[in-house]
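Shown next, in structure tokens, is the structure this report addresses.
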Amino acid sequence: MPEQNDVDDIRKKLGVVSGRDFLAQGEANHKERLQNGVTINSLKVFFQKSDLTIQFRGTKLVSYEVYLERCCNSDELLDWVFQLKGKSWELGLIYAFLEILNDACQDVFGFPARTLYQPGNNLDWRNETWHQSS
């Protein structure tokens with residue numbers, strides 16, 4: 001059985017991080033995540049700006065996409081989070097989704113997701129605009 005240090009070395013060489021390690025990375029890697037996404041175990045999570053999706057791809061999973069044009073307000077965002085929670089995936093992937101969503105919001109709208117997904121706000125991903133609630 002390999003030692004923990006051997007497992008850590010293999011993960012580093014492959015560019016794979018565990019959910020726990022990903023949580024520790026924080027905002028420092030915003031541009032890296034935006035460009036390359038994040039790999040947790042065998043699943044890559046990334047923002048595909050050309051079709052406004054956050055994609056989950058892996059060797060065992062054919063693909064799964066969150067269509068951001070169907071994620072235009074806090075109610076729809078919450079629905080997607082619960083859909084993701086219903087998958088039998090590692091919980092770190094939900095955090096990865098939220099981090100990639102935040103990166104996508106910063107890239108498209110210039111604001112973090114927390115600012116945009118306030119009750120009553122509506123996002124127009126295609127036109128890169130959002131309407132603030134009154």
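Residues whose amide H lies under 5 Å from that of Ile40, counting only those 5 or more places away or on a different chain, are Val45; hydrogens are built 1.01 Å from N in the peptide plane.
Between Val81 and Arg126, residue separation times 0.36 nm minus the direct Cα-Cα distance comes to 14.1 nm. Take the Cβ atoms of His30 and Thr59, set R0 to 22 Å, and the FRET efficiency comes out at 0.25.
In sequence order, segment 66-75 has phi-based couplings of 9, 7, 5, 5, 9, 10, 9, 8, 5, 5 Hz under the Karplus curve 6.51 cos²θ - 1.76 cosθ + 1.60, θ = phi - 60°, and Gly or Pro positions carry x. Translational diffusion of segment 29-134, estimated by Stokes-Einstein from the Kirkwood radius over alpha carbon pairs at 25 °C in a medium of 0.890 mPa s, is 176 µm² per second. Under 5 Å between amide hydrogens, built in the peptide plane, is the criterion, and for Gly58 it picks out Lys44 among residues at least 5 positions away or on other chains. For the peptides 87-99, 37-49, 117-129, residues were scored by their other Cβ atoms within 10 Å and the scores averaged per peptide; the highest-first order is 37-49, 87-99, 117-129.
Were the residues from Asp107 through Tyr67 laid out at 0.36 nm apart, the gain over their Cα-Cα distance would be 12.8 nm.
For segment 26-134, the number of Lys pairs with C-alpha atoms closer than 17 Å, counting only pairs eight or more positions apart or on separate chains, is 6. All other residues with a Cβ under 10 Å from the Cβ of Lys31 taken together, and with Lys, Arg as +1 and Asp, Glu as -1, what is their net charge? Overall, the nearby charge balance is -2.
No lab work stands behind these numbers, since they all come straight from the coordinates. Being a predicted model, the structure only gives us computed values, none of them experimental. Quick reminder, even Gly has a Cβ in these numbers, built from the backbone with ideal geometry, and neighbours come from all protein chains shown.
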